[in-house]
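Peer 1: Shown below is the structure under consideration.
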Amino acid sequence: MTRITTVINQKGGVGKTSTAHALATGLKHKGFSVARDIRDGIEAKAQELNAPIYKTVIREGVSVKEAQTSQQSLFDYSPASNPAQDYMDFIGEYLTQAKGGVINGS
């Protein structure tokens, strides 16, 4: 059975993402298959909404935070980093699925 838990607060910077990450990590350490359960819930909701599901996985990397700190785009700061390459792969997948690969005349 899939259970969806939401961490919400109207204010930014109060630890919503950190809390959700800690919860998921803790559940995983307790033997729960968090990724599969999350994926199943997301896929069910996407099917209900007739929304696409993308296969590209975006890896974490220190370059993301460094780019944010230096107020640069990840593509300018570290274009060869794993996350930048993953985002480029996602963009390609997105363009392929979106109306035959054409968005805003490109």
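Readers should treat all values here as calculations from the given coordinates under stated rules, not as data from a laboratory. Just so it is clear, the structure is predicted and the values come from calculations on it, not from any experiment. Cβ coordinates were reconstructed from backbone atoms using ideal geometry, including for glycine residues, and neighbour counts include every protein chain displayed.
Peer 1: Find which of Ala67, Ser18, Leu95 sits farthest along the positive direction of the dipole of the chain, computed with +1 on the beta-carbon of Lys and Arg, -1 on that of Asp and Glu, about the Cα centre.
Peer 2: The residue sitting most towards the positive pole is Ser18.
Peer 1: Pairs to check: Lys16/Lys65; Lys45/Lys65; Lys16/Lys45; Lys28/Lys55. Give those whose C-alpha atoms are more than 25 Å from each other in this structure.
Peer 2: Beyond 25 Å: Lys45/Lys65.
Peer 1: Still on this structure, please answer the following. Using only helices, what value at 222 nm comes out for the chain when you add -39,500 (n - 2.57) per DSSP H run of length 4 or more and divide by the total residues, to the nearest 500 deg cm²/dmol?
Peer 2: -17000 deg cm²/dmol
Peer 1: Something else about it: Binned at 5 Å from 0, what are the whole-percent values of the Cα-Cα distance distribution for the chain, short to long?
Peer 2: 2, 10, 12, 15, 19, 21, 14, 5, 1, 0
Peer 1: Calculate the dipole size of region 1-52 relative to its Cα centre from +1 charges on Lys and Arg beta carbons and -1 charges on Asp and Glu beta carbons; express the result in debye to the nearest 20.
Peer 2: 240
Peer 1: Please report Thr6, Thr96 as a ranked list, fewest other C-beta atoms within 10 angstrom at the top and most at the bottom.
Peer 2: Thr6, Thr96
Peer 1: Next question. Scan the chain and note any complete DSSP helix (H) whose C-alpha atoms cover at least 18 Å along its axis and whose Kyte-Doolittle average is 0.0 or more.
Peer 2: Membrane-span-like by this rule: not one helix.
Peer 1: Next question, about the same structure. Could you compute the longest span of the chain free of trypsin sites (Lys or Arg not before Pro) located in DSSP loops and having at most 14 other Cβ atoms within 10 Å, not counting the site residues?
Peer 2: Excluding the exposed sites themselves, the longest stretch runs over 60-106.
Peer 1: Now a separate question. Which order results if Ile53, Ile8, Ile58 are arranged by neighbouring Cβ count within 10 Å, fewest first?
Peer 2: Listing Ile53, Ile8, Ile58 from fewest to most nearby Cβ atoms yields Ile8, Ile53, Ile58.
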